[in-house]
Amino acid sequence: MASVDDYLALITSYHRGKPKFAAMISALVEPLVAIQEFIAHLPIDFDLDVAIGVQLDVVGEWVGRSRFVETPIPNVYFSFDEEMRGFDLGVWKGPNDNDFGVVRLDDETYRTLLRAKIAANNWDGTLETAKDALSIIFPDGETLLFVLDNQDMSMTFGVAGKVPSILFLALLSRGYVPLKPEGVEAIYAITSFDGAPVFGFDVENE
């Protein structure tokens, strides 16, 4: 990417050393340099991992998932003496938030939901590729998700490791994470403690 100095270095020897000419060239190329920098930064501004606010909303339009939920999600606001609604789990209620529950997702929850939608968009619906799809949702590897086919038109989604926010768990239980075939019942098994596994006979893994 060219800078103003790069353009000034192209001045021929006849005009070099003439401050008024250099100032005129600087005035002409500064807007061009600014446009180059703006365009170069666009991929970062709309990167899913770093986009915020309206930038993340635009990413959501591309992916096909809005920040707003159809009905308020109750009992997710921060509260003392509530195990699942304490620090780092409950949602802080803002002055303009709905008293009946969350209808507009915060950036972090929305980002995770967009990852889930991306995973669903790329998933071929088979159990073999479900793990790859689920790994997109929590790329840090701290929250572990897995899926089991119960062979009775139902699937069990397990969540182990780091417990997601109560808001994301509510979205999961309400079907906002579309990682199941149509007509198949989704059953959720979620650990209640960070770092704890989900119980299973003769299973020794994360």
Between residues in segment 120-139 that are on the phi > 0 side of the Ramachandran plot and residues that are assigned to a loop (DSSP other than H, G, I, E, B), which pairs lie under 7 Å by C-beta distance while being six or more apart or on different chains? Gly125/Pro181
Selection status of Ile190, open to solvent by 30 Å² or more (accessible area, probe 1.4 Å) and at pLDDT 80 or above: no
Residue list for segment 137-155, filter: within 20 Å of Asp194 (Cα to Cα) and either crowded, with 19+ Cβ neighbours inside 10 Å or touching a Gly at 6+ places or on another chain (Cβ under 6 Å) (or both): Ile137, Phe138, Glu142, Thr143, Leu144, Leu145, Phe146
Could you tell me whether Gly17 is more than 25 Å from Gly175 (Cβ to Cβ), modelled with pLDDT under 90 and open to solvent by less than 60 Å² (accessible area, probe 1.4 Å)? no
Looking at (1) over 30 Å from Leu114 (Cα atoms); (2) modelled with pLDDT under 90, which is the one condition that is false for Leu42? (1)
Quick one: in segment 92-117, which of the residues that are acidic (Asp, Glu) and assigned to a loop (DSSP other than H, G, I, E, B) is modelled with the lowest pLDDT? Asp99
With a cut-off of at least 3 residues that are over 23 Å from Ser66 (Cβ atoms) and over 22 Å from the mean Cα position of the chain (by Cα), name the strands (runs of 3 or more DSSP E) lying wholly within segment 118-193. 154-161, 185-190
Of (1) under 30 Å from Leu114 (Cα atoms); (2) in a loop (DSSP other than H, G, I, E, B); (3) open to solvent by 100 Å² or more (accessible area, probe 1.4 Å), Asp47 fails just (3)
In this structure, is Val33 of a type outside the set (D, E, K, R), touching a residue at least 24 places away in the same chain (Cβ under 8 Å) and more than 26 Å from Ser3 (Cβ to Cβ)? no
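The values are calculated or read from the model by the stated rules, or taken from the named source; none is laboratory data. As the structure is a prediction and not an experimental result, all values here were calculated from the model. Don't worry about glycine lacking a Cβ; one is built from the backbone with ideal geometry, like all the others, and counts go over all protein chains shown. What goes into the accessible areas is simple: the full protein's heavy atoms, side chains included, and nothing from ligands, DNA or RNA. Shrake-Rupley method; radii C 1.70, N 1.55, O 1.52, S 1.80 Å.
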